[in-house]
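The values are calculated or read from the model by the stated rules, or taken from the named source; none is laboratory data. Everything quoted here is computed from the prediction, not taken from an experiment. Methodologically, a virtual Cβ is constructed for each residue, glycine included, from the backbone with ideal geometry; neighbour enumeration extends over all protein chains shown. Ligands, DNA and RNA are excluded from the accessible area calculation, which covers all protein heavy atoms including side chains. Shrake-Rupley method; radii C 1.70, N 1.55, O 1.52, S 1.80 Å.
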Amino acid sequence: MLVVEDLRAGYGNLEVLHGVSLRVDAGEVVAVLGPNGAGKSTLLRTISGLLVPRGGGVRFEQRPLTGLQTHAIPLLGLLHVPEARHVFAQLSVEENLMVGGTPLAGSAERRAAIDEVWSLFPMLRDKARAAAGSLSGGQQQMLAIGRALMAKPRLVMLDEPSLGLAPVVVEELYLALGKLRRAGLTILLVEQDVHAALDFADRAYVLENGTIALEGAATALREDRHVREVYLGQ
Ligand SMILES: Nc1ncnc2c1ncn2[C@@H]1O[C@H](COP(=O)(O)OP(=O)(O)O)[C@@H](O)[C@H]1O
Ligand SMILES: [Mg+2]
């Protein structure tokens with residue numbers, strides 16, 4: 001579904017990704033793990049067209065993404081929920097969701113999409129009229145995901161969704177992600193919570209210094225010596 005081939009990207013004189021290749025098949029949950037500064041967010045930014053690759057390329061459902069304008073990529077069904085939860089703080093929760101629907105969707109479709117978000121995250125419905133800026137960190141993360149879902153994605157890329165959240169909120173978030181996966185959504189997940197990520201993902205890649213150091217089934221990586229020592233603290 002998503003194929004990343006020998007991708008190189010960076011900022012100014014700094015090359016961050018030195019030839020990264022990975023793939024995500026339809027229906028899979030794939031995690032990208034790695035230390036701070038490894039280039040995980042840069043990878044997602046390059047896939048979603050916010051950064052122009054210096055080499056290699058990205059294909060989504062066979063279609064090369066290179067050269068597409070940033071706003072064209074979500075319309076293909078590939079949505080990116082960035083690390084900083086960009087919600088519109090002054091707008092209400094419901095208005096934030098309205099903004100997330102594709103411009104093409106009619107109001108009935110948009111209504112139905114909002115109802116799906118309410119059933120996935122019931123606590124957001126209770127806050128429908130509240131300003132997004134007044135929500136807790138976990139609620140803002142759910143809103144950011146809900147907004148991406150309004151565009152009816154086939155693949156979502158989540159950048160550190162559990163960052164800074166209390167364990168009980170992380171659990172709630174992963175319950176919702178589990179429902180989305182069972183509904184057929186494909187997920188590319190960047191996580192600093194390696195336990196949570198390897199419990200949830202089918203496969204994972206370990207990104208270190210802008211290159212893929214390890215890859216494999218999540219169950220195999222949980223047993224891997226390097227992963228255990230460096231990321232699971234065992
Ligand atoms: N906007 C930016 N401008 C310049 N350098 C950046 C920018 N964003 C990230 N970097 C650098 O790129 C490297 C990788 O960062 P990032 O992709 O955010 O890593 P990760 O998400 O794995 O923590 C780091 O050295 C970081 O300092
Ligand atoms: Mg990051």
Condition check: surrounded by fewer than 21 Cβ atoms within 10 Å (Cβ to Cβ), aliphatic (A, V, I, L, M) and either within 16 Å of the chain's Cα centre (by Cα) or part of a strand (DSSP E or B) (or both). Does Ala128 satisfy that? no
Somewhere in region 150-161, is a residue within 16 Å of ligand 1 (Cβ to nearest atom) and out of contact with any Leu (no Cβ under 7 Å at 6 or more places or on another chain)? yes
Matching residues in region 1-34 - criterion: being open to solvent by 60 Å² or more (accessible area, probe 1.4 Å) and under 18 Å from the mean Cα position of the chain (by Cα): Arg23, Ala26
Residues to consider are Arg182, Arg203; find the one that is away from ligand 1 (no atom under 16 Å from the Cβ) and either among the polar types (S, T, N, Q) or open to solvent by less than 50 Å² (accessible area, probe 1.4 Å) (or both). Arg203
Assess whether Asn36 counts as being within 16 Å of ligand 1 (Cβ to nearest atom) and touching a residue at least 40 places away in the same chain (Cβ under 8 Å). yes
A careful count of residues in region 84-97 that are open to solvent by 70 Å² or more (accessible area, probe 1.4 Å) and either in contact with a Pro (Cβ under 7 Å, 6 or more places away or on another chain) or within 28 Å of Phe60 (Cβ to Cβ) (or both) gives 2
Tally the residues that are in contact (Cβ under 8 Å) with a residue 24 or more places away in the chain and closer than 14 Å to Glu95 by Cα, restricting the search to region 111-133. 11
Out of Thr42, Thr70, sole residue that is open to solvent by 50 Å² or more (accessible area, probe 1.4 Å) and of a type in the set (Val, Ile, Thr): Thr70
Of the residues in region 212-234 that are open to solvent by 80 Å² or more (accessible area, probe 1.4 Å) and not charged (D, E, K, R), the one that is nearest to Ala196 (Cα to Cα) is Thr219
Selection over region 139-166 where residues are of a type in the set (Gly, Ala, Ser), more than 16 Å from ligand 2 (Cβ to nearest atom) and open to solvent by 10 Å² or more (accessible area, probe 1.4 Å) yields a count of 2
